[in-house]
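See below for the structure under consideration.
The values are calculated or read from the model by the stated rules, or taken from the named source; none is laboratory data. These figures come from a predicted structure and were not determined experimentally. Heads up, the Cβs are rebuilt from the backbone with ideal geometry, glycines too, and the neighbour counts pull from every protein chain shown.
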Amino acid sequence: WMKNYEALKCFVQNYGHSNVPLLHKDDGIDGCLHTWVETQKVFYEKDELPPRNVEMLEDLGVDLNERSNFSASRHDFAWHYMFDALKQFYDEHGHTNIPLDYPMMDSVAGAERSLRNWLQRQREYFGKGKLTDDRKLKLESLGIELTRKSRPGRKRKAEVIDVPNTKETTADDDLGKLADEVFGDLAE
């Protein structure tokens, strides 16, 4: 317990708060510091956390009565896991255009392994009216356009417009002239 507590104490000293992100890496502990903090909150709710531990956590600013948004369900946990990964990508690269060859992630709580596919699915959910306002705001905070009509690499259907032909020449005539300019008159 003390090893994880010390890791949390270092986190608070470095970041000024005790809200450990899900993807926070800490080599000094076994497992995930975020999960450890959330587990302490569960023990507190069940009245299974020793009073001394309660005091120590509260001294670091941990609100033992407030659970993470995504501790409610496996689906919420997976969504926030992927959002944290997307935010980490954004922080490192300054954009959210995930390349096709971006490495797969570890699957946690049933989360999508491909960050690129997950982001596309969020756009689809938005288009179908199935994305909550909270999630929409979080995605938009990273500059993501949820209403993007087409994705790079996808062809749009061409719009057919009837334009009257005002020239006496045809497309074949124009092609012939171009061939003559490039190759010269081959008949000579």
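Inside segment 57-85, can you point out the residues that are assigned to a loop (DSSP other than H, G, I, E, B), modelled with pLDDT under 80 and surrounded by 17 or more Cβ atoms within 10 Å (Cβ to Cβ)? Write out each step before concluding.
To start, the set of residues in segment 57-85 that are assigned to a loop (DSSP other than H, G, I, E, B) comprises 60-68, 72-73.
So of that shortlist, the ones also modelled with pLDDT under 80 come out as 67-68, 72-73.
Residue satisfying the conditions is 68 alone.
Out of 54, 20, 12, 37, report the one residue that is under 28 Å from residue 132 (Cα atoms), at pLDDT 85 or above and among the aliphatic types (A, V, I, L, M). Lay out the reasoning, then the answer.
Values: 54 fails: under 28 Å from residue 132 (Cα atoms); 20 fails: at pLDDT 85 or above; 12 fails: under 28 Å from residue 132 (Cα atoms).
Being under 28 Å from residue 132 (Cα atoms), at pLDDT 85 or above and among the aliphatic types (A, V, I, L, M) holds for just one of 54, 20, 12, 37, which is 37.
Any residue at all in segment 32-43 that's exposed (fewer than 15 other Cβ atoms within 10 Å of the Cβ), in a loop (DSSP other than H, G, I, E, B) and not small (Gly, Ala, Ser)?
no
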